Amino acid sequence: MRNFTFLLLFSLVAIGTPVSALQVAGVDIPDTVTLADTGPSLVLNGAGIRKKFFMDIYVGALYLPAKSADTATILADTGPASVLMHFLYKEVSKDKITGGWNDGLAANHTVEEMAALQPQLDAFNALFDTARAGDVIRIDHSPGTGTQVLVNGALRGTVPGDGFYRSLLRIWLGAHPVSKGLKQGMLGKH
């Protein structure tokens with residue numbers, strides 16, 4: 001009877017414990033995320049590590065309504081999506097974070113496109129502070145609402161408009177991604 005009780009308790013604990021779909025650099029990556037409190041549930045498309053000068057900066061994960069390895073399809077989709085960034089490096093200053101957004105967007109857009117994005121980019125950059133190891137930034141797209149930034153689970157703000165999010169995705173998935181390895185990981189090709 002004692003063995004049966006142990007097995008029953010073990011089974012209940014195992015069932016009640018969320019299982020991550022993937023572990024990257026010691027970080028458990030959830031297999032789903034839910035936008036807002038009652039928003040749609042998205043599935044993990046893929047994840048990888050953003051490296052710079054041989055240093056691990058963050059684990060990045062892409063969530064979509066359905067898995068896709070096709071960059072053009074993902075960038076053209078106007079539905080909900082989410083990018084999760086789990087920071088590994090001890091400290092990344094606000095200037096480095098916002099500089100990364102600026103550089104990543106500029107590498108994947110024309111001068112004219114950047115000029116049109118600038119007001120939204122300024123509003124987006126204002127939502128960030130210095131990130132430290134263990135911090136989690138989530139950037140969600142909620143159709144009709146815009147781009148929402150959550151830092152360690154707390155909503156920092158929203159950039160209105162549906163087009164800005166797909167422009168942001170080009171930082172990771174565009175023709176000139178911030179990291180080819182991270183792009184392949186987010187596309188689920190690792």
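Just so you know, all these numbers are worked out from the coordinates, no wet-lab data involved. All values reported here derive from a predicted model rather than from experimental measurement. Note that we place each Cβ from the backbone using ideal geometry, even for glycine, and neighbour counts take in every protein chain shown.
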query = What FRET efficiency do you get for Arg156 and Leu75 if R0 is 35 Å and r is their Cβ-Cβ distance, rounded to the nearest 0.05?
reply = 0.90
remark   = Simple SL model, points at 7 angstrom along Cα→Cβ for Ala66 and Ala133; separation in nm is 4.1
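Where in the chain are the helices, taken as whole DSSP H runs, whose Cα atoms extend 15 angstrom or more along the long axis and whose Kyte-Doolittle mean reaches at least 0.0?
Details: long enough: 2-16 (21 Å, 1.61); 94-107 (20 Å, -0.66); 111-125 (19 Å, -0.05); 163-173 (16 Å, 0.57).
Helices meeting the criterion: 2-16, 163-173.
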task = Please give, to one decimal in nm, the separation of the simple spin-label points placed at Ala175 and Asp103, each 7 Å out from Cα toward the Cβ.
result = 2.0
task = May I ask which residue of Met55, Leu105, Ser41 lies farthest towards the positive end of the charge dipole of the stretch 20-186, with charges of +1 (Lys, Arg) and -1 (Asp, Glu) on Cβ and the Cα centre as origin?
result = Met55
